[in-house]
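Asks: Structure below; questions to follow.
The values are calculated or read from the model by the stated rules, or taken from the named source; none is laboratory data. Because the structure is predicted, anything quoted here is derived from the model rather than measured. Here Cβ is always computed from backbone atoms with ideal geometry, including for glycine, and neighbour counts include all displayed protein chains.
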Amino acid sequence: MSGAPTVPTIGFEDVVVRYAGARVSALDGVSFDVPRGAMTAVAGPNGSGKSTLVRALLRRQPLLSGSITIDGDNIAAISQRELARRVAIAPQREEAAFPMRVDEYVALGRFPRLGLWESPSAADREAVDRALHRAGVSEFTERRTDELSGGEWQRVRIARALAQEGGALVLDEPTTFLDMPHEMALFELLDSLARDGLAVLIVSHQLNLLARFARTIVLLDRGKVAAAGTPAEVMRAPVLESIYDWPLVVTRDPAAGAPALLPLRRPTSLS
Amino acid sequence: MVTHRSWHWLVALAVFAIVCVAGVAYGTIRIPVADVIRALTGEGDTSVIAIVRDLRLPRVALAALIGAGLGMSGGALQGTLRNGLAEPYLLGVSGGAAVGAVAAFAAGIGDAGWIALSAFVGAAIAVLLALLVARAAGRGGRGDPRTLLMAGVVIGAFANAVIMVALANAPPNTVRGALWWMMGSAGDATWQTVTVLAVSILVGGAALIYLARDIDVLALGEEPAAALGVDVDRAARTIYLLSALLAAATVAAAGLVGFVGLIVPHIVRSAGLRRHRPLLLGTAVVGATLVVAADLAARTLRPPAELPLGAVTAILGVPFFLAQLRKTA
């Protein structure tokens, strides 16, 4: 019997990363799977290793040990281009120096599928149109990327990632700078993409949103997996309090019943 | 149907053609356009034929090639370094080439071919040094273009120091020769220089245009480029090296011609070209036009004296660049 259905789309296995000159590892034995058809979330305090995880997946940070696999293949053994065909990653940092039109920008998502002299085919243009439509940005394809609001820009970035048509979508802090409705709309979009069969991996600080949308939450703390499981398993006050070193309570979201985190005022010791 | 884009190309090519004809017709002696055309086909006065074929034509061709090379080099570097202030001489090219040329002058070498070779070797060494320094410095956080920019600046400063030391106690003739060389001129153009530069520009330019799609993606930043499947470090290194060698070839042929590689990509982008394949072709045409025009101005503004080409490109370029800045600010 083939093991295909059980092979995770993205698999982190005992991943260890240490930056040059650092005494401690930025990632210290991180293991978890990102299955298709669901949203998997990575959260944790600043400096817990979340962005290093994305850089390692991008192959911009070499692993000291362990492995990262895509559909069972070690990413170290495939080309950068093949990696980009299989998983679409929207990194946190993006400093496009020169603005371009939204449709031109989204079309760059087809880059990993084009030969160097090949011009985009009808299929490529259709993929770009689908991505623009799906991300809800088809009405401003002729706008320039430097004229977009924060919410529009994040959606355009997701459209570019969707145009890659990989089996997995990875987003690092996609809701930074977004207001509440844009943030909710983005999570709804990711949720529907996951329901359509994509493996979605999101790195975010928004624990309350993750609790409502993600199937699995992986909490990182100082490079290690401090807790991993369903939101109900992970979002427990003692776990979160020790990781974040801040007093808090965990209640229930009154509508969906998902756990909801409420940070408390820290009692002042000085009077 | 003629699209909006095609019009830009037609206008650019027409302006280039007009400037080239003017470049051949005007000079210390003015030759009517009809005579220029007759001289090209080998008819008419032998002295006119000689001026057109052996002096003006190679000079215009050399200027065009310098402009095309510097334009493409600047366009590729600005995209890859994600910086509109990047320019071809940035990676130590100018300093290295100047050290090479000054070394040749100081050694008493008068032959233009040997000076050119010495300048090219100097530029190539400086670029390789800048890339090596950036690579060694960038081991912790890789791929940051700022490291490379700083390496280029430092190498350039070092080269300047070397030049000052070499020229401080040199005889006046050496100083004058070196200084004139550094100011840039297409005046010594021969068909041999033109041929050598044409081959370099064709090969280097074709290679950059081949890599243009990588530049599109590299312009988004290191991580997005990796996410889209570019082997970032290797692609960027290749583009830096090609751009720098392209600039080095022009410097070897005609000395330092500033500002062209900085300003031309901005002109082309303002015409709406954003993808680097058309953008690089555009920078070649616009760069060629600008340098042919600047060379024409250099030899006609204050006859019979010639102004340094590098000074004219800067004088023409600065107002344009300031206008551009005002538009974007």
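Asks: Here are some residues: A:Arg160, A:Arg125. Which one is crowded, with 17+ Cβ neighbours inside 10 Å, basic (Lys, Arg) and at pLDDT 90 or above?
Replies: The match here is A:Arg160.
Asks: Of all residues in the range B:237-255, how many are farther than 13 Å from B:Gly204 by Cβ and surrounded by fewer than 24 Cβ atoms within 10 Å (Cβ to Cβ)?
Replies: Of the residues in that region, 1 qualify.
Asks: So the check is Cβ under 7 Å with 6+ separation or different chains; which pairs have a first residue in the range A:144-163 that's part of a helix (DSSP H, G or I) and a second one that's of a type in the set (Lys, Arg)?
Replies: Partner pairs satisfying both residue conditions: A:Leu162/A:Arg134; A:Ala163/A:Arg110.
Asks: Please go through the range A:198-219 and pick out each residue that is hydroxyl-bearing (Ser, Thr, Tyr) and either assigned to a loop (DSSP other than H, G, I, E, B) or free of Cβ contacts under 8 Å to residues at least 40 places away in the same chain (or both).
Replies: A:Ser204 - this is the single residue of the range A:198-219 that is hydroxyl-bearing (Ser, Thr, Tyr) and either assigned to a loop (DSSP other than H, G, I, E, B) or free of Cβ contacts under 8 Å to residues at least 40 places away in the same chain (or both).
Asks: Does A:Ile243 satisfy the condition of being closer than 30 Å to A:Val156 by Cα, of a type outside the set (Phe, Trp, Tyr) and in contact with an Asp or Glu (Cβ under 9 Å, 6 or more places away or on another chain)?
Replies: On the way: closer than 30 Å to A:Val156 by Cα: no; of a type outside the set (Phe, Trp, Tyr): yes; in contact with an Asp or Glu (Cβ under 9 Å, 6 or more places away or on another chain): yes.
Spelling it out, it is not the case that A:Ile243 is closer than 30 Å to A:Val156 by Cα, of a type outside the set (Phe, Trp, Tyr) and in contact with an Asp or Glu (Cβ under 9 Å, 6 or more places away or on another chain).
Asks: Quick one: how many residues across the range A:89-110 are touching a Leu at 6+ places or on another chain (Cβ under 7 Å) and β-branched (Val, Ile, Thr)?
Replies: Matching residues across the range A:89-110 total 2.
Asks: Can you name the residue in the range B:2-58 that is more than 27 Å from the chain's Cα centre (by Cα), part of a helix (DSSP H, G or I) and of a type in the set (Gly, Ala, Ser) and is also surrounded by the most Cβ atoms within 10 Å (Cβ to Cβ) among such residues?
Replies: Looking at the filtered set, the residue picked out is B:Ala39.
Asks: Only one residue in B:Ile263, B:Ile315 is more than 22 Å from B:Leu148 (Cα to Cα), away from every other protein chain (no Cβ under 14 Å), within 17 Å of the chain's Cα centre (by Cα) and β-branched (Val, Ile, Thr). Which one?
Replies: Working: B:Ile263 fails: more than 22 Å from B:Leu148 (Cα to Cα).
The conditions single out B:Ile315.
Asks: Right, here's the next one. For the range B:82-104, how many residues are among the hydrophobic types (A, V, I, L, M, F, W, C) and surrounded by fewer than 24 Cβ atoms within 10 Å (Cβ to Cβ)?
Replies: Step one: filter the range B:82-104 for residues among the hydrophobic types (A, V, I, L, M, F, W, C), giving B:85-86, B:90-91, B:93, B:97-99, B:101-104.
When the remaining residues are screened for being surrounded by fewer than 24 Cβ atoms within 10 Å (Cβ to Cβ), the result is B:85, B:103.
Summing the residues that are among the hydrophobic types (A, V, I, L, M, F, W, C) and surrounded by fewer than 24 Cβ atoms within 10 Å (Cβ to Cβ) in the range B:82-104 gives 2.
Asks: Among A:Ala237, A:Ala227, which is the only one that is over 24 Å from A:Glu13 (Cα atoms) and without any contact (Cβ under 8 Å) to a residue 60 or more places away in the chain?
Replies: After applying the criteria, what remains is A:Ala237.
Asks: Quick check: anything in the range B:136-155 part of a helix (DSSP H, G or I), within 14 Å of chain A (Cβ to nearest Cβ) and in contact with a Leu (Cβ under 7 Å, 6 or more places away or on another chain)?
Replies: The answer is yes; a qualifying residue exists.
Asks: Hey, another quick one. Can you name the number of the only condition in (1) more than 14 Å from chain A (Cβ to nearest Cβ); (2) in contact with a Gly (Cβ under 7 Å, 6 or more places away or on another chain); (3) among the small types (Gly, Ala, Ser) that B:Ala219 fails?
Replies: Here B:Ala219 meets the rest and fails (1).
Asks: Within the range A:203-237, take every residue that is of a type in the set (Val, Ile, Thr) and under 23 Å from A:Leu189 (Cα atoms) and give me the one that is surrounded by the fewest Cβ atoms within 10 Å (Cβ to Cβ).
Replies: Selected residue: A:Thr230.
Asks: Which pairs turn up if I take residues in the range B:223-248 that are within 14 Å of another protein chain (Cβ to nearest Cβ) and look for partners that are among the charged types (D, E, K, R) and buried (at least 20 other Cβ atoms within 10 Å of the Cβ) with beta carbon separation below 6 Å, at least 6 apart in sequence or on another chain?
Replies: B:Ala226/A:Arg60; B:Val230/B:Asp214; B:Val232/B:Glu222; B:Ala235/B:Asp214
Asks: Of A:Gly29, A:Gly47, which residue is surrounded by fewer than 20 Cβ atoms within 10 Å (Cβ to Cβ), on the phi > 0 side of the Ramachandran plot, more than 9 Å from every other protein chain (Cβ to nearest Cβ) and not in a loop (DSSP other than H, G, I, E, B)?
Replies: Of the residues listed, the single one that is surrounded by fewer than 20 Cβ atoms within 10 Å (Cβ to Cβ), on the phi > 0 side of the Ramachandran plot, more than 9 Å from every other protein chain (Cβ to nearest Cβ) and not in a loop (DSSP other than H, G, I, E, B) is A:Gly29.
Asks: Against the condition touching a residue at least 40 places away in the same chain (Cβ under 8 Å) and not hydrophobic (A, V, I, L, M, F, W, C), how does A:Gly136 come out, does it pass?
Replies: Criteria met by A:Gly136.
Asks: Go through the range A:57-90 residue by residue and tally those that are in contact with a Gly (Cβ under 9 Å, 6 or more places away or on another chain) and within 12 Å of chain B (Cβ to nearest Cβ).
Replies: 12
Asks: Another question, then. May I ask you to verify whether A:Val54 is part of a helix (DSSP H, G or I), among the β-branched types (Val, Ile, Thr) and within 12 Å of chain B (Cβ to nearest Cβ)?
Replies: Yes, satisfied.
Asks: Separate question: Of all residues in the range A:91-105, count the ones that are surrounded by 24 or more Cβ atoms within 10 Å (Cβ to Cβ) and more than 7 Å from chain B (Cβ to nearest Cβ).
Replies: Total satisfying the criteria: 2.
Asks: Of everything in the range A:151-201, what is over 16 Å from A:Val106 (Cβ atoms) and among the aromatic types (Phe, Trp, Tyr)? Give them in sequence order.
Replies: A:Phe177, A:Phe187, listed by residue number.
Asks: Does the range A:174-193 hold any residues that are within 12 Å of the chain's Cα centre (by Cα) and under 26 Å from A:Thr69 (Cα atoms), and which are they?
Replies: A:Pro174, A:Phe187, A:Leu190
Asks: With at pLDDT below 90, part of a loop (DSSP other than H, G, I, E, B) and basic (Lys, Arg) as the only criterion, which of A:Arg23, A:Arg59, A:Arg36 stands out?
Replies: Of A:Arg23, A:Arg59, A:Arg36, the one residue that is at pLDDT below 90, part of a loop (DSSP other than H, G, I, E, B) and basic (Lys, Arg) is A:Arg23.
Asks: Which residues, counting only those in the range B:297-315, are in a loop (DSSP other than H, G, I, E, B) and among the aliphatic types (A, V, I, L, M)?
Replies: B:Leu301, B:Ala305, B:Leu307
Asks: Against the conditions (1) under 18 Å from the mean Cα position of the chain (by Cα); (2) part of a loop (DSSP other than H, G, I, E, B), where does B:Leu62 fall short? Just the number, please.
Replies: Of everything listed in (1) under 18 Å from the mean Cα position of the chain (by Cα); (2) part of a loop (DSSP other than H, G, I, E, B), B:Leu62 misses just condition (2).
Asks: Another one. Only one residue in B:Ile125, B:Ile115, B:Ile66 is within 15 Å of B:Ala253 (Cα to Cα), modelled with pLDDT of 90 or more and of a type in the set (Val, Ile, Thr). Which one?
Replies: B:Ile66
Asks: I'd like the full set of residues that are touching a helix residue (DSSP H, G or I) at 6+ places or on another chain (Cβ under 8 Å) and over 14 Å from A:Tyr19 (Cα atoms), limited to the range A:55-77.
Replies: A:Leu57, A:Leu58, A:Ser67, A:Ile68, A:Thr69, A:Ile70, A:Asp71, A:Ile75
Asks: Another question, if that's okay. Quick one: is B:Val203 over 23 Å from A:Arg86 (Cβ atoms), in contact (Cβ under 8 Å) with a residue 12 or more places away in the chain, surrounded by fewer than 24 Cβ atoms within 10 Å (Cβ to Cβ) and away from chain A (no Cβ under 14 Å)?
Replies: No, not satisfied.
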